[in-house]
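What follows draws every value from the coordinates through simple rules; no lab data is involved. Please read these numbers as outputs of a predicted model, since none were measured by experiment. Positions of Cβ are backbone-derived with ideal geometry, glycine not excepted, and every protein chain shown enters the neighbour counts.
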2 protein chains.
Amino acid sequence: MRRNAEPPPRDEAELLARAEALAGLTLGELGGRRGLAPPTSPRRAKGWGGQLLEDCLGASAGSLSEPDFQLIGVELKTLPVDPAGKPLESTYVCTVPLAHLASPLWEDSNVRRKLARVLWFPLVTSRGAPVHARQLGTPLLWSPSAAQESRLRADWEELMELVSLGRAEEITARHGTVLQIRPKAADSHARTWATDAEGRRVRAPPRGFYLRTTFTAALLARHYAPGG
Amino acid sequence: MRRNAEPPPRDEAELLARAEALAGLTLGELGGRRGLAPPTSPRRAKGWGGQLLEDCLGASAGSLSEPDFQLIGVELKTLPVDPAGKPLESTYVCTVPLAHLASPLWEDSNVRRKLARVLWFPLVTSRGAPVHARQLGTPLLWSPSAAQESRLRADWEELMELVSLGRAEEITARHGTVLQIRPKAADSHARTWATDAEGRRVRAPPRGFYLRTTFTAALLARHYAPGG
DNA sequence: CGGGATCCAAGTGTGGATCCAC
DNA sequence: GTGGATCCACACTTGGATCCCG
């Protein structure tokens, strides 16, 4: 990837215009424009669509801990949906900081920063259909409503309190109503540095924050539903 | 590399025996034993000989900040020499910690740890000869004499005092009588984190500690010279 | 159905050093 | 001669996510 990437968009209007121009294309067609063939196995296609879109829309290359579109502060997220528009998967947000004991503030959190402004790109994914047939829907430029941010914040504070106490091991994907914590690693053997309840540096599985499908489903529904 | 590496030696005697059995071989012959052909361009061969030898002698794979032979606490260093046995290059020891302000102690330094016990392997390198013709000399298991350690320590303390003051930028390869600091990076654009004179985190070129050739020449001479 | 497990690409850092222009 | 610049391999990390079995 990162071959012949587009220049960064200068403002949200330009980004949205570019994005809307891609609606309706399949990943096969989009890849063809850049001379790239989608992986044939779905397992090997994880992330491929998202990175292809980044190139096509001019996201800054490999920006670390920066929004995908740094200049204008927008994060790009593809969202696999079924033909009815219902999200099929949870959405990864960012890694969970397991090594810092100090109880952090929502205002300073990566979750809040990442979700402050998002360009959602639905990707219509039919069960059993090949990767190249996945089809881009209509993109949506979004910021959390007050109610949405409250829910995110409540979950985040509850989860991070456990993390700050060195009790991250107790957290499962069942915690959190809209935001959850799940493994985020190459495999279950991966380890990163964490702080345990006694303040010692220990090895623990890396984790990530994810948005539940109920949250992204509601978000899409508010914009695309008849009368929404 | 790391293909079919040998098991680690159990003690210094076993390591030295294995090493001595390789004396006289060329890199071409040694690589042939493992089915590996030396790079044809000298530029692309940097480090190749050293890593090949690690495999042949059973060094622990990719051990980070650990001696090459962890079990027995020995570091392996190849040393390019001319046909008369005189070192052709300085010897890289370890990276310079640029980010920590606290003035460190020689006793805790990586330089001291790395050089506490070294298996030196001369590699006879004739000017203009191809990589495969470089020939292993007689290995030497070494620890610093009291006088050698005093010199290393004096240089290290002088250099690290400047580093601790955030004045690493003032250091050139001209400092130090036996130990020097030089760039250690993919290229001159590389940057790592450092602390400046005002205590701010800044970007700076990565540096390494190197032994001057005068030091390694004297070290070899003491063992191999007639009457040494 | 969804919680736990996994997959790819690319950037970064470290360890192995020697190259080469001035 | 040698100070500054460079070269390769590989582990690790992060960012992009979706897979898939119980």
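Where both partners of a DSSP beta bridge lie in chain B, what percent of those bridges are antiparallel, to the nearest 5?
Here the antiparallel bridges make up roughly 75 percent for chain B.
Please turn the phi angles of the range B:86-102 into ³J(HN,Hα) values with the Karplus equation 6.51 cos²θ - 1.76 cosθ + 1.60 (θ = phi - 60°), one per residue in order, whole Hz, x for glycine and proline.
Once θ is set to phi - 60°, the couplings for the range B:86-102 become 8, x, 9, 9, 5, 10, 5, 10, 6, 7, 8, x, 9, 9, 9, 7, 3 Hz.
At most 15 other C-beta atoms within 10 Å and a DSSP loop state: those are the exposed trypsin sites (Lys or Arg not before Pro) I care about. Give me the longest piece of chain B that has none.
Value returned for the longest uninterrupted segment is B:47-126.
Between the helical axis of B:48-57 and the dominant principal axis of chain B, each derived from Cα atoms, what acute angle in degrees is found, rounded to the nearest 10?
Computed tilt is about 60 degrees.
Could you work out the relative contact order of chain B, using alpha carbon pairs under 8 angstrom and six or more residues apart, expressed as a whole percent?
So the answer I get is 21 percent.
With the cut-off at 1.5 for a/c, could you classify the range B:104-228 from its C-alpha gyration tensor as rounded, prolate or oblate?
Cα axes put the range B:104-228 in the oblate bin.
How tilted is helix A:146-164 with respect to the longest principal axis of chain A? Cα atoms for both, answer in degrees (0 to 90, nearest 10).
Relative to chain A, helix A:146-164 is tipped by roughly 40 degrees.
Starting from 0 in steps of 5 Å, tell me what percent of the Cα-Cα pairs of the range B:1-145 lands in each bin.
Spelled out per bin, shortest first, that is 2, 9, 18, 22, 20, 15, 8, 4, 2, 0.
Could you state the angle between the C-alpha long axis of helix B:12-22 and the longest principal axis of the C-alpha atoms of chain B, as a value from 0 to 90 degrees rounded to the nearest 10?
Value to nearest ten degrees: 60.
Just how large is the dipole of the protein assembly as shown about the Cα centre, in debye to the nearest 20, putting +1 at every Lys and Arg Cβ and -1 at every Asp and Glu Cβ?
Approximately 1040 debye in magnitude.
From the square roots a ≥ b ≥ c of the eigenvalues of the alpha-carbon gyration tensor of the protein assembly as shown, which class results: rounded (a/c under 1.5), prolate (a/b over b/c), or oblate?
prolate
Report, in debye and to the nearest 20, how large the dipole of the range A:106-228 comes out about its Cα centre when Lys and Arg carry +1 and Asp and Glu carry -1 on their Cβ.
In total the dipole reaches around 460 debye.
How do B:15, B:123, B:162 line up, fewest other C-beta atoms within 10 Å first?
Ranked by crowding around the Cβ, least crowded first: B:162, B:123, B:15.
So for the protein assembly as shown: antiparallel DSSP bridges make up what percent, rounded to the nearest 5?
The answer is about 75 percent antiparallel.
Determine, for A:55, A:187, the number of other Cβ atoms within 10 Å of each Cβ, and report the residues in order from fewest to most.
A:187, A:55
Straight-line reach from residue A:86: which lysines have Cα under 28 Å away, leaving out those fewer than 8 places along the same chain?
Once the sequence-local lysines are set aside, what remains near residue A:86 is A:46, A:77, A:114, A:184.
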